[in-house]
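Participant: Below you will find the structure I want to go over with you.
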Amino acid sequence: MWLPIPADETEGLPEGLDYRFWDGGPDFPADPADCAFYVVPYMKGPQIATRPLAAMSAVQVVQTLSAGIDHVEPGLGLLPGGVRLCNAKGVHEASTAELALALVLASLRGLPGFVHGQDDEEWRAGFYPALADKSVLIVGYGSIGSAIEDRLAPFECARVTRVARSARTTARGPVHTLDDLPALLPEADVVILSTPLNASTQGLVGAEFLKAMRDGALLVNVARGQVVDTGALLSELRSGRLRAALDVTDPEPLPAGHPLWHAPHLLITPHVGGSTSAFLPRAKRLLAAQLTRFAAGEPVRNVVLTTN
């Protein structure tokens, strides 16, 4: 069992399994061919995530510690058939939803400008937009999107609209599909992206999507950078028609000199949606639960796909 968190620092792991620590270092902790359960190093990128896969001839479960699996997908063809790929549902909802709300509030209330004003010893008083009475559109209504709506509940939003890959009805109301976006976007003051990166969402937020947003609307991306067409977003920001707050960018990490750094009406955070003190306790609980089920011969949870 390859873990990126030392086994002696993780309570609840089942006894009788052979745990090896590997967090993406140059040397493997053992022969990859002997690994039955591979937990992918967190936030180390696709090159490290997929490096041992070709040699993992006996692996049965590949477990990510992220909600997305796009960093592992390039190597799935190297695996034997029947391998279950599991994501980290339940680990990142609290942290990512917190940041989504923080980005919305900071952008609407002008906090970046106040920080610059403090640096320049300027008292930048005035009226600023509130979240109250705004219409919010959540694009990507899985567990993270639902957690974002949980945190929006006390803020007296005029309306929260939900969009996901397939339509359904929740206790809070209907969930629309991506096909409904052209009709929904013009009605939203705030658009929050929390969708996974896949074939249907890569480049989803392009020129037509952005053009459909109402003047003065705020785009918040806590999903993946490649969901947004960077060039199209830059055009809208420079025109002053839209505002944005991005926790993820394309490219990422954002290199020095990139025009996004100094684009107007933009707040950037460095992909820290899940990187908080809430991560480790939840990640450890997930690993203990998954490995306990694995050791007992029970089905593991959070299975996203099974290799052919």
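Participant: For segment 93-268, give the share of DSSP beta bridges that are antiparallel, in percent and rounded to the nearest 5; count only bridges with both residues there.
Facilitator: Percentage antiparallel, nearest 5: 10.
Participant: From the phi of every residue in segment 251-265, what ³J(HN,Hα) in whole Hz does the Karplus formula 6.51 cos²θ - 1.76 cosθ + 1.60 yield, where θ is phi - 60° and glycine or proline is x?
Facilitator: Those phi angles translate into x, 9, x, 6, x, 4, x, 5, x, 4, 4, 10, 5, x, 6 Hz.
Participant: Each residue of segment 221-236 in order: what ³J(HN,Hα) in whole Hz does its phi give by Karplus 6.51 cos²θ - 1.76 cosθ + 1.60, θ = phi - 60°, with x for Gly and Pro?
Facilitator: For segment 221-236, the Karplus curve yields 10, 10, 9, 9, x, 6, 5, 10, 6, 4, x, 5, 5, 4, 4, 5 Hz.
Participant: Turning to a different aspect of this structure: So how far apart, in nm, are the two label points at TYR128 and LEU280 if each is 7 Å from Cα heading toward Cβ?
Facilitator: It works out to 3.3 nm between the two label points.
Participant: Which three extents, in whole angstrom, do the alpha-carbon atoms of segment 1-131 cover along their principal axes, largest first?
Facilitator: 64, 32, 27
Participant: At q = 0.07, 0.09 Å⁻¹, what is the log10 ratio I(q)/I(0) for the chain, with the Debye formula run over Cα points and no solvent?
Facilitator: -0.31, -0.50
Participant: Now a separate question. If each residue's Cβ is checked for other Cβ atoms within 10 Å, how do CYS157, CYS35, CYS86 rank with the fewest at the top?
Facilitator: CYS157, CYS86, CYS35
Participant: What is the spin-label model distance, in nm, from ARG109 to ASP27 if the labels are put 7 Å beyond Cα along the C-beta direction?
Facilitator: Here the answer is 5.1 nm between the modelled labels.
Participant: Would you grab the residues whose amide H sits under 5 Å from the one on VAL160? Only those 5+ places off in sequence or on another chain, please, with H modelled 1.01 Å from N.
Facilitator: VAL136
Participant: Identify all lysines with a Cα-Cα distance to LYS211 below 25 Å; exclude those on the same chain that are fewer than 8 residues away in sequence.
Facilitator: Excluding near neighbours in sequence, the set is LYS134.
Participant: If you average 1/r over every pair of different alpha-carbon atoms in segment 86-136 and take one over that average, what Kirkwood value in Å do you get?
Facilitator: 13.2
Participant: Hey, fewest Cβ within 10 Å first, where do ARG51, ARG162, ARG84 land in order?
Facilitator: ARG51, ARG84, ARG162
Participant: Moving to a separate point now. Hey, rough spin-label estimate for ARG159 and SER200, points 7 angstrom out along Cα→Cβ, what's it come to in nanometres?
Facilitator: 2.3
Participant: Quick check on the chain: of the DSSP beta bridges with both residues there, what percent are antiparallel, nearest 5%?
Facilitator: 15
Participant: Based on the Kirkwood radius over alpha-carbon pairs, what is the Stokes-Einstein translational diffusion coefficient of segment 133-186 at 37 °C with 0.692 mPa s viscosity, in µm²/s?
Facilitator: Stokes-Einstein gives a translational diffusion coefficient of 291 µm²/s.
Participant: Next up: Given R₀ = 41 Å, FRET efficiency for THR169-GLU121 by Cβ-Cβ distance, to 0.05?
Facilitator: Efficiency, rounded to the nearest 0.05: 0.15.
Participant: Note down the relative contact order for segment 186-247 as a percent, whole number, built from C-alpha pairs under 8 angstrom at least six residues apart.
Facilitator: After rounding, I find 41 percent.
Participant: Applying the Karplus parametrisation 6.51 cos²θ - 1.76 cosθ + 1.60 with θ = phi - 60° to the phi angles of segment 62-69, what ³J(HN,Hα) value in whole Hz is obtained for each residue in order, glycine and proline being reported as x?
Facilitator: Ordered by residue, 3J(HN,Hα) equals 10, 10, 8, 9, 10, 6, x, 10 Hz.
Participant: Based solely on its DSSP helices, what 222 nm [θ] is calculated for the chain when runs of n ≥ 4 H residues each add -39,500 (n - 2.57) and the sum is averaged over all residues, nearest 500 deg cm²/dmol?
Facilitator: -7500 deg cm²/dmol
Participant: Just need log10 I(q)/I(0) for segment 93-268 at q = 0.13, 0.19 Å⁻¹, Debye formula, equal scatterers on the alpha-carbon atoms, no solvent, rounded to two decimals.
Facilitator: For segment 93-268 at q = 0.13, 0.19 Å⁻¹, log10 I(q)/I(0) is -0.62, -1.35.
Participant: How do GLU73, GLU122 line up, fewest other C-beta atoms within 10 Å first?
Facilitator: Fewest-to-most Cβ neighbours within 10 Å comes out as GLU122, GLU73.
Participant: Given H placed 1.01 Å from N in the peptide plane, which residues other than close sequence neighbours of GLN63 have an amide H under 5 Å from its amide H?
Facilitator: The list, which skips near neighbours in sequence, is TYR38, VAL39, VAL40, CYS86.
Participant: Using amide H atoms built 1.01 Å from N in the peptide plane, name the residues 5+ places from TYR141, or on other chains, whose amide H lies under 5 Å from its own.
Facilitator: Correct list: VAL163, ALA164, ARG165.
Participant: Grab the Cα-Cα distance for ALA55 and HIS258, subtract it from 0.36 nm times how many residues apart they are, and report the gain in nm with one decimal.
Facilitator: So the chain would gain 69.3 nm between ALA55 and HIS258.
Values in this text are rule-based calculations from the coordinates and carry no lab data. The structure presented is a predicted model; accordingly, all values stated were derived computationally and were not measured. Reconstructed Cβ throughout: ideal geometry from the backbone, glycine too, with neighbour counts over all protein chains shown.
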